[in-house]
Amino acid sequence: MSGEAVNEQRLSGILLHVTSLPSYGGVGDFGPAAYAFVNFLSAAKQRLWQVLPLSPTGYGSSPYSALSAFAGNPLLISLERLVDDGWLAAGRIAGLPGHDGPADFGAATEKKLPLIEEAAANFLDRGSDEAKARFQHFSKSNISWLADYAMFNVLRRRFNYQSWNHWPEPYARRKDEAMTETLNQHGRELAIEQVIQFFFNEQWCALRSYCAEKKIRILGDVAIFVSYDSADVWTHPEIFELDSEGKPLRVSGVPPDYFSVTGQRWGNPLYKWRLLEKQGFDWWVARVRRSLELYDMIRLDHFRGFEAYWSIPAEEDTAVNGVWVKAPGHALFDRLKQVFGDLPFIAEDLGLITREVDELREHFNMPGMRVMQFGFGDRGGHIHLPQSFVPNTVVYTGTHDNNTTLGWWNEDTAEHERRNLQTYLQPIHHPAEVVWAMIRAAARSVAHICIIPLQDVLHLGSEARMNTPAAGEGNWTWRYNPDALHPDFARQMAELMEMTDRDGYVHPKADADLIVPLLVSPAAEHG
C-alpha cells in the first residue's frame, strides 16, 4: 500500500477488537464475519481497522494480560476456514456456540480449542508437501520464540495451569534435563502447538491481505509490559527484575491521582533496562519485528513508561509507595529506527504527561492521542477538544476503556459536562444526537487520524461497553449483533469522510509535495 497515490494526511478508522465479531464458535475470529466487517469498513470509506492485542490471553481473557508477547490467540482461528482448508470435516463443528450474544471464552476454550488441536493433528498427519513447506518456513522465521512458547503451553497444561514459578523447580528454571524430557515425551503436543500458531498466522495474513485490497490498514496494539505468568518471563527471566527465586522485585503501575487515592498496582514485572540497552535492545527489536509482521501501524500502550515508569516494591499491596524511574526511551527508539527505518507508532499518551514525555514523542514524530469524552469537564480537559489539536494527533470519541458515547452521556456525565457539551457542539434534544455530534466533531478536526469505536458508529449504549478498568468481571465480552452493520451506517460515515477529506481521495491536480505518506510499514521496506 505504500506506493499508492493516496492522500494519507487525513484518515479515519474504526476500533473493533476481533473477539467482538459475531463469529461462529462463541468468540469473534478470522472467519466470514471478519471479512463482512472489512466490507463494511470499505463501504464506510474507512482506511484503518484498529484492533487490541491479538495475543493468547490468560486469566480474565484480557488482551492486555497475555501468555506471550509474540504468539497469537488460538481462539481467533476460524473453524470454518479450517474446514475450507481440509483440516476438519464440516460435521465436526456442528453444535458449537453461535453468532449471537456475548463472547464466551470459557465455552470457546472447552469446545472450540479441542477442534483446533484436532485440525493441527490432521495437518501433521496428512498435510501436503506444499503446506508442510509453508509450515517449515513459518517455524524457521519465528524460531526465536515459537518453540519456547509451545514448550510453555505444554508445561502449563501439564502442571494444571499454575503460574510457571509454581512448577517443579527443574521445569520452572528450564533445566536441560527437564527440557529434554519434555521434548522426548511431548513431541506431538509441541508440534501441535506450533501448527496452531501457523494456522493463526496464515488466517490473519489472509485477512490482512483482504484489508489491503480494500485499501484498509491494520492498527495494532502493543502493551509496554508483559505478564509475569508468560512465556516471555519464563524464557528470559534475566531481562526482568526478579529475585533469586524468580519472583518480581518491583512491579508496574501508576501513582495515586484524582481517580484513585491508592494509584493502580498492575503487577507486571519491570525490565532490566540497563541490561536490555547493553544487549542492543535485541528483545524489543524481536518484539517489534513480530508486531510489524502482524500490523501496519502500532499503538504503544502506556507510552509515558518509555520515558519514566512507576516502580512499586512487589510486597506492596497498592501503588502508593512507588517511585519514578527513568527509562532509556530515546536509546530504545533510536535503535528501533536504526533497524526498521521510520517508526509507524502512535503514542498512547493519556493521563498525567510531563514535558519530557512530550519531547520524547515529538522527537520521533509520533502522533499522540486525544479522547473527546475527556474534554467537557474542567478547563484542564480542553486539550481533548479540537481547538487544542495539532495535526499530528489521533482523535477518538472514546476508547475501549471508556463507556460508549451514548452510555457516557446517559450515565456518566455530570450536569456541567452536559452544559459544556451543548455549548461546544450543539443543543442535544435526544440522547442519540450526542453520538453523531461527537463523531462529526472528531472527523472535522485537524487531527490526521480519527478513530471511532464501532459502538459509537452503531449508536449503542453502555450495554456495549468493552472494558471497565478495575472491574473484576464482565469485561471484553461485547459482540455486535450479526445484523447490526446496516448500510445506512456505512453511507452516513462515507458521506462524512468525503466532506472531511478522510476518504483517501487526492485531487488529480494536487501538489505532489502535499501528498505525504503517513506511516509506511517498515516491514514492507525491510522484508
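Residues in the range 476-491 that are surrounded by fewer than 19 Cβ atoms within 10 Å (Cβ to Cβ) and assigned to a loop (DSSP other than H, G, I, E, B): T477, N481, P482, D483, A484, H486. Criterion applied to N410, N392, N402, N420 was being surrounded by fewer than 21 Cβ atoms within 10 Å (Cβ to Cβ) and touching a Phe, Trp or Tyr at 6+ places or on another chain (Cβ under 9 Å), and the one residue passing it is N420.
For the range 350-376: of the residues being under 17 Å from the mean Cα position of the chain (by Cα) and surrounded by fewer than 22 Cβ atoms within 10 Å (Cβ to Cβ), which is modelled with the highest pLDDT? Among those that are under 17 Å from the mean Cα position of the chain (by Cα) and surrounded by fewer than 22 Cβ atoms within 10 Å (Cβ to Cβ), it is M369. The single condition among (1) assigned to a loop (DSSP other than H, G, I, E, B); (2) in contact with a Ser or Thr (Cβ under 7 Å, 6 or more places away or on another chain); (3) closer than 23 Å to P367 by Cβ that N467 does not satisfy is (2).
With respect to the stated conditions, P269 is at pLDDT 95 or above and touching a Phe, Trp or Tyr at 6+ places or on another chain (Cβ under 7 Å).
As a summary of the residue check, F200 satisfies the conditions (1) crowded, with 22+ Cβ neighbours inside 10 Å; (2) of a type in the set (A, V, I, L, M, F, W, C); (3) closer than 30 Å to G381 by Cβ except for the one numbered (3). The set of residues in the range 48-104 being of a type in the set (D, E, K, R) and assigned to a helix (DSSP H, G or I) consists of E80, R81, D84, R92. Taking the listed residues K112, K45, the one that is in a helix (DSSP H, G or I), buried (at least 18 other Cβ atoms within 10 Å of the Cβ) and at pLDDT 95 or above is K112, with no other qualifying. Exactly one residue out of S244, S227 is among the small types (G, A, S) and free of Cβ contacts under 8 Å to residues at least 40 places away in the same chain: that is S244.
Taking the criterion of being more than 30 Å from Q422 (Cα to Cα) and among the β-branched types (V, I, T), the residues of the range 339-377 that qualify are V339, I346, T354, V357.
Looking only at residues of the range 426-449 that are modelled with pLDDT under 95 and either in contact with a helix residue (DSSP H, G or I) (Cβ under 9 Å, 6 or more places away or on another chain) or in a strand (DSSP E or B) (or both), we find that the one that is farthest from I14 (Cα to Cα) is P427.
The values are calculated or read from the model by the stated rules, or taken from the named source; none is laboratory data. The shown structure was predicted, so the numbers you read here are calculated from the model rather than taken from an experiment. Every residue, glycine among them, receives a Cβ derived from its backbone with ideal geometry; neighbour counts consider all protein chains shown.
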